[in-house]
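Note sheet for the following structure.
The values are calculated or read from the model by the stated rules, or taken from the named source; none is laboratory data. Computed from a predicted model, the values in this text were never measured in an experiment. Neighbour counts are summed over all protein chains in view; Cβ atoms, including those assigned to glycine, are modelled from backbone coordinates with ideal geometry.
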Amino acid sequence: MPFIRVMGIDVFEDEEYQRYRDGMTPILHSFGGAFGYDFKVSEVLISKTEEKINRVFTIEFPSREVMDTFFSSPEYLAVQQRHFVNSVGSKTVIAMHDVED
């Protein structure tokens, strides 16, 4: 069953974050994953967290198990360490859910 995670993040370095996306997207695709929606947001009206959010996106996987395997893969972790930590101040999981076909 497909699985979707809705994320909110605070990007403080756009070019470095783009390098992260460029590096991780082929790895994501190799796991059968993809981005569904991606928004830059200028104002958050209601939030359940104190963390700043200026980007909201969905990331989709064939299953929750595939998502877990992707995020723990050495290839992904190398790209994350190289680029994500130098471009994102905070991340918030807004929602995760299975998608009915």
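Worth pointing out:
- Residue match in the range 82-96 (condition: within 26 Å of Met1 (Cα to Cα), touching a Leu at 6+ places or on another chain (Cβ under 8 Å) and hydrophobic (A, V, I, L, M, F, W, C)): no
- Any hit, the range 22-34, residues being part of a strand (DSSP E or B) and either charged (D, E, K, R) or surrounded by fewer than 15 Cβ atoms within 10 Å (Cβ to Cβ) (or both): yes
- Output for the range 5-21, where each listed residue is surrounded by fewer than 17 Cβ atoms within 10 Å (Cβ to Cβ) and either among the hydrophobic types (A, V, I, L, M, F, W, C) or in contact with an Asp or Glu (Cβ under 7 Å, 6 or more places away or on another chain) (or both): Val6, Asp10, Phe12
- Here Val85 clears all of (1) at pLDDT 95 or above; (2) in a helix (DSSP H, G or I) except the condition numbered (1).
- Options Phe61, Phe84; residue that is more than 18 Å from Gln18 (Cβ to Cβ), touching a strand residue (DSSP E or B) at 6+ places or on another chain (Cβ under 9 Å), aromatic (Phe, Trp, Tyr) and surrounded by 13 or more Cβ atoms within 10 Å (Cβ to Cβ): Phe61
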